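The values are calculated or read from the model by the stated rules, or taken from the named source; none is laboratory data. As the structure is a computational prediction, the values presented were derived from the model and not from experiment. Cβ: placed from backbone, ideal geometry, glycine included. Neighbour counts: every protein chain shown.
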Amino acid sequence: MRVVVASCSTAEQNLAAARARGRVGGRPKKDAAAIKDAMAMYDSKQYTVKEIKERTGVGRTTLYAYLGERKEKGDNLVEESGR
């Protein structure tokens, strides 16, 4: 049986070395303008989520994640009438 022990310092050193070479890890961020457009389209209630994805490239899961963040912060773009 083979035991692999990951050392935090070695991993951190490797990540630091990669950053020094100009490498960054992780998934690329979505374009802020596309997110803003997608949220505005969603708020207008004139588009389906499928249409929003096709026009902006922002997927359903991503859109709902950003909407959830906005709700947590209390930043609602659309004012609800009668409340």
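For region 1-37, taking the residues that are basic (Lys, Arg) and more than 30 Å from Thr56 (Cα to Cα), the one that is modelled with the lowest pLDDT is identified as Arg2. Do we find a residue being surrounded by 16 or more Cβ atoms within 10 Å (Cβ to Cβ), in contact with a Gly (Cβ under 6 Å, 6 or more places away or on another chain), not in a loop (DSSP other than H, G, I, E, B) and not aromatic (Phe, Trp, Tyr) anywhere in region 42-58? Yes, because at least one residue in region 42-58 is surrounded by 16 or more Cβ atoms within 10 Å (Cβ to Cβ), in contact with a Gly (Cβ under 6 Å, 6 or more places away or on another chain), not in a loop (DSSP other than H, G, I, E, B) and not aromatic (Phe, Trp, Tyr). Checking each residue in region 59-76 for being at pLDDT below 90 and surrounded by 10 or more Cβ atoms within 10 Å (Cβ to Cβ) picks out Lys71, Asn76.
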